[in-house]
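Heads up, the thing below is written out as structure tokens.
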């Protein structure tokens, strides 16, 4: 995965976000929002809604598979994963508890590394 195509990669893997993204960029106006903004404003709320329910949703599984792919990508992509997704998950201990078992080994490792410098609240 490459940082320059990360948003399109997200929309390909999680097409349920495409309509929201199109409305979002229309609202945004000139210039396109970057990956941190899109992930924070579109993916994170969806992820939190799904994690608040029993975690047996196919969409939730696809999101975590995508996050795992992000974890094995270039450093800028990993940064979006850690700073914009994993940090947000760690803001809510109950949500994080639900999310941990759904994480792949790379995502779980990145979370553990993040927790060394940013303890779970």
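Overview of results
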| quantity | calculated |
| --- | --- |
| Helices (runs of 4 or more DSSP H) enclosed by the range 1-44 - at least 3 residues per element that are more than 23 Å from residue 87 (Cβ to Cβ) | 18-28 |
| Residue count for the range 53-78, restricted to those that are outside any helix (DSSP H, G or I) and at pLDDT below 95 | 5 |
| Qualifying position, being in contact with a helix residue (DSSP H, G or I) (Cβ under 9 Å, 6 or more places away or on another chain), closer than 17 Å to residue 14 by Cβ and in contact (Cβ under 8 Å) with a residue 40 or more places away in the chain, among 95, 63 | 63 |
| Complete set of residues in the range 10-19 that are in contact (Cβ under 8 Å) with a residue 12 or more places away in the chain and surrounded by 16 or more Cβ atoms within 10 Å (Cβ to Cβ) | 10, 13, 14, 17 |
| Output for the range 38-58, where each listed residue is touching a residue at least 12 places away in the same chain (Cβ under 8 Å) and either crowded, with 16+ Cβ neighbours inside 10 Å or closer than 17 Å to residue 10 by Cα (or both) | 38, 39, 40, 41, 42, 43, 44, 46, 47, 48, 50, 51 |
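The values are calculated or read from the model by the stated rules, or taken from the named source; none is laboratory data. Remember, predicted model here, so these are calculated numbers, not experimental data. As a convention, Cβ positions derive from the backbone with ideal geometry for all residues, glycine included, and neighbour counts pool all protein chains shown.
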